[in-house]
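**Q** For reference, the structure I am asking about is given below.
The values are calculated or read from the model by the stated rules, or taken from the named source; none is laboratory data. The structure displayed is predicted, hence computed values, not measured ones. Quick reminder, even Gly has a Cβ in these numbers, built from the backbone with ideal geometry, and neighbours come from all protein chains shown.
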Amino acid sequence: MQSTQVSTSILGNQIVEPVYSEHGMMLIKKGTVINNDVLAKLLSHNVDVVYVLNALKGNVEKKSMIPEPQMEKSVKAIKRVFDDIMHQEKLGVKAVIPYENVKLVEEVLELLLETLEQADEILYTVVDLLQSDAYTYKHNVNVAILSILTAKALDYKIEDIRHIALGALLHDIGKMRVPQELINKPGALTLEERREVEKHPELGYEITESVSQIPYLAKQIIRLHHEKLDGSGYPLGLKGIEIPEYVKIVTVCDMYDAMTTNRIYRGKMPIYRAMDVLMTEAVYKIDPKIYRTLTSTICIFPPGSGVVLSDGRVGIVSNYRNANPSRPRVRVLNLGSINNYLEVEEINLENERTLFIKDTWDVELFSEMALK
Ligand SMILES: [Fe+2]
């Protein structure tokens, strides 16, 4: 409970102490959710301060593994490196990463390693990026974060983790040599267009091949990140053990991030659906051990996530156990019942085995809009 100045910032919060007028008349009942009408009433009676509970969030804060400033700095640096390749391509030069840009990628790598080292719990939230043109840069950073976590969980040596992360940061750099209208095309690609886009691993390899500062592992990742265990991948159609494990780490993380991010041609897939798709793929195409490691490394529904339960109720994740992150504790909300009362009930999905999370919803968007 906190006392708060009456302003638009309390919209959506719940009144926890009844509010009286200066003549002692009750103005607002305890439990009322503050909408525009309630706010207008408070202001017209010159009420300055009310006791509220941010009922939607309680004391739950949505955390991200990489704080926004570090994320922004990383994406900006990757954008510079990638755009430089696109620029060289437009000039008709054979594009190569210059030494100072390799340095820039190494700096991003150190920043990510350092930030992840300081994170004290298993937590990762995918940050949506709606601007399609920025997608490739952000995606490469996300995949590097996931790859670092997965490689760490698989007990890779720090030197190898560095090389894997460098490969992940640059894995789609070849896309800068593919016509951008194909990369950003809203809608399905024709067979011919798809073949063009599928050249990006080889083009990326060409960009990095002659650069001695980029380690061999990273170059292999750039070249082979679309290979699949059953031989259905590209460019070489390698099978099973022909694909090195460090490449397979980036492949799984790449697929996971691509599926859970908004793209120009489709909305993002809910995380639980991405998990299902990956699980199905895992049977023939991706390494099940890596899949299991990734899914136990990331938190699918971090605290603060809006979730929809299988019985249709909506709620917010309040907590979870590392051993069972897909069955967290959920603060279930009952909105819009009599007198605007907002009931909050906490349930533990570890005990409610018949319930499951069927969808997610955007808490921030809801707080801003739904109660106006
Ligand atoms: Fe790719």
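**Q** Take the conditions touching a residue at least 24 places away in the same chain (Cβ under 8 Å), of a type in the set (Gly, Ala, Ser) and surrounded by 22 or more Cβ atoms within 10 Å (Cβ to Cβ) and apply them to Ser305. Does it pass? Step through it out loud before you land on a result.
**A** Details: touching a residue at least 24 places away in the same chain (Cβ under 8 Å): yes; of a type in the set (Gly, Ala, Ser): yes; surrounded by 22 or more Cβ atoms within 10 Å (Cβ to Cβ): yes.
Against the criterion (touching a residue at least 24 places away in the same chain (Cβ under 8 Å), of a type in the set (Gly, Ala, Ser) and surrounded by 22 or more Cβ atoms within 10 Å (Cβ to Cβ)), Ser305 qualifies.
**Q** Could you say whether any residue in segment 187-194 is within 15 Å of the ligand (Cβ to nearest atom), farther than 15 Å from Pro98 by Cα and either crowded, with 19+ Cβ neighbours inside 10 Å or not charged (D, E, K, R) (or both)?
**A** yes
**Q** In segment 198-223, which residue that is of a type outside the set (Val, Ile, Thr), farther than 20 Å from Glu245 by Cβ and assigned to a loop (DSSP other than H, G, I, E, B) is nearest to the chain's Cα centre (by Cα)?
**A** It comes out as Glu198.
**Q** Return the residues of segment 195-225 that are over 21 Å from Ile286 (Cα atoms), within 16 Å of the ligand (Cβ to nearest atom) and among the acidic types (Asp, Glu); say none if nothing qualifies.
**A** Glu196, Glu206
**Q** Would a scan of segment 226-248 turn up a residue that is within 14 Å of the ligand (Cβ to nearest atom), surrounded by 22 or more Cβ atoms within 10 Å (Cβ to Cβ) and in a loop (DSSP other than H, G, I, E, B)?
**A** Yes: segment 226-248 contains one or more residues that are within 14 Å of the ligand (Cβ to nearest atom), surrounded by 22 or more Cβ atoms within 10 Å (Cβ to Cβ) and in a loop (DSSP other than H, G, I, E, B).
So that you can scan it fast, the table gives a plain yes or no per residue for (1) small (Gly, Ala, Ser); (2) in the same structural domain as Ile183 (by TED's automatic domain parsing); (3) modelled with pLDDT of 85 or more; (4) under 26 Å from Ala168 (Cβ atoms):
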{"position": "Ser7", "(1), (2), (3), (4)": "yes, no, no, no"}
{"position": "Leu11", "(1), (2), (3), (4)": "no, no, no, no"}
{"position": "Asn36", "(1), (2), (3), (4)": "no, no, no, no"}
{"position": "Ser44", "(1), (2), (3), (4)": "yes, no, yes, no"}
{"position": "Asp83", "(1), (2), (3), (4)": "no, yes, yes, yes"}
{"position": "Gly92", "(1), (2), (3), (4)": "yes, yes, yes, no"}
{"position": "Glu106", "(1), (2), (3), (4)": "no, yes, yes, yes"}
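**Q** Could you go through segment 177-192 and let me know if any residue there is farther than 23 Å from Val93 by Cα and assigned to a helix (DSSP H, G or I).
**A** Checked segment 177-192: at least one residue is farther than 23 Å from Val93 by Cα and assigned to a helix (DSSP H, G or I).
**Q** Only one of (1) farther than 16 Å from Glu106 by Cα; (2) charged (D, E, K, R); (3) crowded, with 20+ Cβ neighbours inside 10 Å fails for Lys152. Which number is that?
**A** Evaluating Lys152 over (1) farther than 16 Å from Glu106 by Cα; (2) charged (D, E, K, R); (3) crowded, with 20+ Cβ neighbours inside 10 Å leaves (3) as the failure.
**Q** In this structure, does Ala258 turn out to be within 16 Å of the ligand (Cβ to nearest atom), under 30 Å from Leu111 (Cα atoms) and buried (at least 19 other Cβ atoms within 10 Å of the Cβ)?
**A** Values: within 16 Å of the ligand (Cβ to nearest atom): yes; under 30 Å from Leu111 (Cα atoms): yes; buried (at least 19 other Cβ atoms within 10 Å of the Cβ): no.
Considered against the rule, which asks whether it is within 16 Å of the ligand (Cβ to nearest atom), under 30 Å from Leu111 (Cα atoms) and buried (at least 19 other Cβ atoms within 10 Å of the Cβ), Ala258 comes out as no.
**Q** Search segment 138-176 for residues being within 14 Å of Gly204 (Cβ to Cβ), part of a helix (DSSP H, G or I) and not hydrophobic (A, V, I, L, M, F, W, C), and hand back the single one that is farthest from the ligand (Cβ to nearest atom). Outline the logic, then answer.
**A** So the first thing to find is which residues in segment 138-176 are within 14 Å of Gly204 (Cβ to Cβ), and the list is 139-140, 143, 166-176.
From the residues that got through so far, the ones that are part of a helix (DSSP H, G or I) too are 139-140, 143, 166-170, 173-176.
Then drop every residue that is not not hydrophobic (A, V, I, L, M, F, W, C), which leaves 139-140, 167, 174-175.
On the way: His139: 9, Asn140: 9, Gly167: 12, Gly174: 8, Lys175: 7 Å.
Only one residue tops the list, namely Gly167.
**Q** Could you pull out the residue among Ile183, Ile221, Ile148, Ile158 that is farther than 24 Å from Ile66 by Cα and in the same structural domain as Lys289 (by TED's automatic domain parsing)? Show your work before the answer.
**A** On the way: Ile221 fails: farther than 24 Å from Ile66 by Cα; Ile148 fails: farther than 24 Å from Ile66 by Cα; Ile158 fails: farther than 24 Å from Ile66 by Cα.
The unique qualifying residue is Ile183.
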